Amino acid sequence: MAEITVKIPEDIKDIVADTGETIYVEALKEVARKRMPYTQRRLKELKGKIAVYERRYGKSHEEFSQSVPDTMKGHDDWIEWSYLVKVTNDLSAKIEKLKLLMG
C-alpha cells in the first residue's frame, strides 16, 4: 500500500474530518472516471499509428523487430514503432488500473 498525504485548507478541515477514508476513495473514483476517456482516446490514437506501421511492413512489431531493414528509414521506423508499442502497453495497464479504481 502507498501512503498519500493530502493537504487541505484549514477552513474545510472540519468538513472532511468526520468522513474518514470514504471521501478519499470516492475522490479517487471520480478522478479515475474523468481520466478514463482521455486515456482511452490516447490509446486508440496510438493503436492507429501502430496500424500504419503494420500495414506498411505487413507484419507485427515483434516480427519486424526480428528483421529490421538495414536502412536509416527501417531503423527510424523501428525506434518510433517500439516507442508506440511501449506507450500503448503502458496505457493499457493504466486503463486496467483505472477500471479497478472505478469499481
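For Cα pairs less than 8 Å apart in space and 6+ apart in sequence, what is the mean separation divided by the residue count of the stretch 36-103, i.e. the relative contact order in percent?
45 percent
Place a +1 charge on the Cβ of each Lys and Arg in the chain and a -1 charge on the Cβ of each Asp and Glu, then give the dipole magnitude about the Cα centre in debye, rounded to the nearest 20. Please report the intermediate quantities before stating the final value.
On the way: 19 positive and 18 negative charges, 118 e Å.
The calculation lands at about 560 debye.
For the chain, what does -39500 (n - 2.57) per DSSP helix run (n ≥ 4), summed and divided by total residues, give at 222 nm, in deg cm²/dmol to the nearest 500?
Value at 222 nm, helices only, nearest 500: -26000 deg cm²/dmol.
For helix 72-102, report the angle its Cα long axis makes with the longest principal axis of the Cα atoms of the chain; keep it between 0 and 90° and round to the nearest 10°.
Orientation of helix 72-102: about 30 degrees from the principal axis.
Where does each of ILE23, ILE50 land when they are ordered by accessible area, with a 1.4 Å probe and the largest first?
Descending order: ILE23, ILE50.
Send over a whole-number figure in Å² for the accessible area per residue of the chain, probe 1.4 Å.
In whole numbers, the chain has 79 Å² accessible per residue.
Which GluC sites (Glu not before Pro) in the stretch 8-103 sit in a loop by DSSP (not H, G, I, E or B) and have at most 10 other Cβ atoms within 10 Å of their own Cβ? Before the final figure, lay out each step's value.
Details: sites: GLU10, GLU21, GLU26, GLU30, GLU45, GLU54, GLU62, GLU63, GLU80, GLU96; in loops: GLU21.
Those satisfying the criteria are GLU21.
Consider the candidate values [x] 44, 13, 11; [y] 22, 18, 14; [z] 19, 15, 13; state which one is semi-axes √(5λ) of the Cα gyration tensor in Å computed from the structure displayed.
So the structure-derived entry is [x].
What pairs from LYS44/LYS99; LYS7/LYS86; LYS47/LYS73; LYS47/LYS97; LYS7/LYS29 go past 27 Å between their alpha carbons?
LYS7/LYS86
First compute the accessible area of the chain with a 1.4 Å probe, then give the percent of it belonging to carbon and sulfur atoms.
57 percent
What is the list of residues in the stretch 81-103 whose amide nitrogen lies under 11 Å from a point 7 angstrom out from the Cα of LYS47, following Cα to Cβ?
Only 92 fall inside the zone, counting backbone N under 11 Å.
How far, in degrees from 0 to 90, does helix 22-57 lean away from the longest principal axis of the Cα atoms of the chain, to the nearest 10?
Rounded to the nearest ten degrees, it is 10.
The values are calculated or read from the model by the stated rules, or taken from the named source; none is laboratory data. Please read these numbers as outputs of a predicted model, since none were measured by experiment. Every residue, glycine as well, gets a Cβ built from its backbone with ideal geometry; the counts of neighbours run over all protein chains shown. Heavy atoms of the whole protein, side chains included, go into the accessibility calculation; ligands, DNA and RNA do not. Shrake-Rupley method; radii C 1.70, N 1.55, O 1.52, S 1.80 Å.
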